[in-house]
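The values are calculated or read from the model by the stated rules, or taken from the named source; none is laboratory data. Quantities reported herein were computed from a predicted structural model and do not represent experimental measurements. All Cβ positions, even for glycine, are placed from backbone atoms using ideal geometry, and neighbour counts span all protein chains on display.
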């Protein structure tokens with residue numbers, strides 16, 4: 001059976017490309033899978049980062065694809081639709097994560113609707129963008145209009161997509177554990193800690209990924225003075241490219257006299273460097289104010305690192321309380337303090353790493369092949 005995946009893969013970077021690449025890797029074992037990729041993902045004016053492409057010297061998940069779609073060029077949308085129609089696949093899958101792609105996805109899927117009746121699936125990694133612009137609901141309604149069915153990766157997204165799906169079928173899967181950043185070279189934690197400016201006995205709290213308002217880094221910085229009162233050798237390591245102005249964050253660090261307790265690496269981290277930051281960390285904190293799911297949590301688990309997460313989206317669903325991490329209420333500084341202190345208190349008696357290994361061994365994502373078999377079977381009824 002043949003599946004067409006419409007979504008970003010290499011050379012693009014970020015969570016969406018990583019997810020689609022992992023999905024391809026699993027599905028190709030049982031299906032004939034072809035990926036329709038983008039020639040242009042975002043115009044520069046809409047992209048706040050330094051580069052949309054992965055400039056890492058070590059590549060991971062290099063998926064073969066056909067680069068057709070320019071997100072702002074309707075001619076390429078028609079070319080993509082024409083190509084997909086020729087393939088006569090059993091299922092056409094659109095990866096959806098941002099309303100910006102509404103016109104593009106609507107146009108392509110409209111040209112496929114007649115030939116691929118009941119065979120158009122939208123994977124909704126996200127439904128509405130995190131920033132929730134005023135036009136997002138309209139663009140989302142347009143973009144998802146031709147979906148025959150949906151695949152969601154979390155309960156929270158399922159609840160949101162019901163607003164757009166009507167009585168259409170919704171299937172469910174999960175994000176994979178991202179253990180793809182572990183390479184053969186062992187990392188000397190002591191040396192790496194020293195290189196990053198830490199002492200050997202420092203307790204390192206890691207915030208990893210793009211810095212955007214909804215991710216709550218400012219709350220974590222404000223919680224740090226109270227954490228230091230109980231655990232004075234705690235340090236915060238912030239690693240990721242700032243999509244917000246960094247001034248607000250640096251000013252807060254200065255205001256709270258935390259310059260000696262916070263280290264910031266303001267850049268998109270190449271694949272070969274990811275392991276350095278996770279290996280020296282004791283706990284990974286996701287202090288999100290809102291959200292759906294996060295690949296950062298799954299990267300942390302890939303390194304067997306425990307997490308402290310806020311109760312937003314599916315984040316708490318992926319944490320076994322006081323076994324693989326701690327769950328706290330969002331938007332409350334004292335909750336972050338409680339959760340991180342609780343983790344440090346338990347770290348000598350609970351084998352978080354072993355618990356995470358057991359969770360990985362039973363990961364739900366690997367069942368996605370059977371989910372797609374069911375989707376195709378249902379499409380042919």
Exercise. Residues of region 46-59 being free of Cβ contacts under 8 Å to residues at least 60 places away in the same chain and surrounded by fewer than 14 Cβ atoms within 10 Å (Cβ to Cβ), which ones?
Worked result: 46, 47, 53
Problem set entry | Flag if residue 114 is modelled with pLDDT of 90 or more and loosely packed, with under 15 Cβ neighbours inside 10 Å | yes
Seminar exercise, completed: Of the listed residues (288, 277), the one being at pLDDT 95 or above, buried (at least 19 other Cβ atoms within 10 Å of the Cβ), in a loop (DSSP other than H, G, I, E, B) and not assigned by TED's automatic domain parsing to the domain that holds residue 50 is 288
Exercise. Which condition breaks for residue 201 when tested against (1) modelled with pLDDT of 95 or more; (2) surrounded by fewer than 15 Cβ atoms within 10 Å (Cβ to Cβ); (3) on the phi < 0 side of the Ramachandran plot?
Worked result: (1)
Exercise. When you go through 267, 248, 272, 200 one by one, which is the residue that is in contact (Cβ under 8 Å) with a residue 12 or more places away in the chain and either under 17 Å from the mean Cα position of the chain (by Cα) or assigned to a loop (DSSP other than H, G, I, E, B) (or both)?
Worked result: 267
For this session: Give 181, 171, 164 a once-over and let me know the one that is outside any loop (DSSP other than H, G, I, E, B), at pLDDT below 90 and in contact with a helix residue (DSSP H, G or I) (Cβ under 8 Å, 6 or more places away or on another chain).
Result: 164
Exercise. Which ones in region 135-161 are out of contact with any strand residue (DSSP E or B) (no Cβ under 8 Å at 6 or more places or on another chain), assigned to a loop (DSSP other than H, G, I, E, B) and within 26 Å of residue 301 (Cβ to Cβ)?
Worked result: 154
Problem set entry | Unique residue being in contact (Cβ under 8 Å) with a residue 60 or more places away in the chain and assigned by TED's automatic domain parsing to the domain that holds residue 221 when the list is 331, 348 | 331
Problem set entry | Test: residue 305 is surrounded by fewer than 18 Cβ atoms within 10 Å (Cβ to Cβ) and within 30 Å of residue 158 (Cα to Cα) | no
Problem set entry | Residue selected from region 21-45 under the condition free of Cβ contacts under 8 Å to residues at least 24 places away in the same chain and more than 22 Å from residue 89 (Cα to Cα), by the criterion surrounded by the fewest Cβ atoms within 10 Å (Cβ to Cβ) | 45
Exercise. Does residue 321 satisfy the criteria of being out of contact with any helix residue (DSSP H, G or I) (no Cβ under 7 Å at 6 or more places or on another chain), assigned by TED's automatic domain parsing to the domain that holds residue 156 and closer than 24 Å to residue 158 by Cα?
Worked result: no
For this session: Examine region 119-134 for a residue that is in a helix (DSSP H, G or I) and either surrounded by 14 or more Cβ atoms within 10 Å (Cβ to Cβ) or touching a residue at least 40 places away in the same chain (Cβ under 8 Å) (or both), and state whether such a residue exists.
Result: no
Exercise. How many residues are crowded, with 20+ Cβ neighbours inside 10 Å, outside any loop (DSSP other than H, G, I, E, B) and at pLDDT 95 or above when one looks only at region 82-99?
Worked result: 7
Exercise. Is one or more of the residues making up region 214-230 under 21 Å from residue 271 (Cα atoms), assigned by TED's automatic domain parsing to the domain that holds residue 290 and either assigned to a strand (DSSP E or B) or in contact with a strand residue (DSSP E or B) (Cβ under 7 Å, 6 or more places away or on another chain) (or both)?
Worked result: no
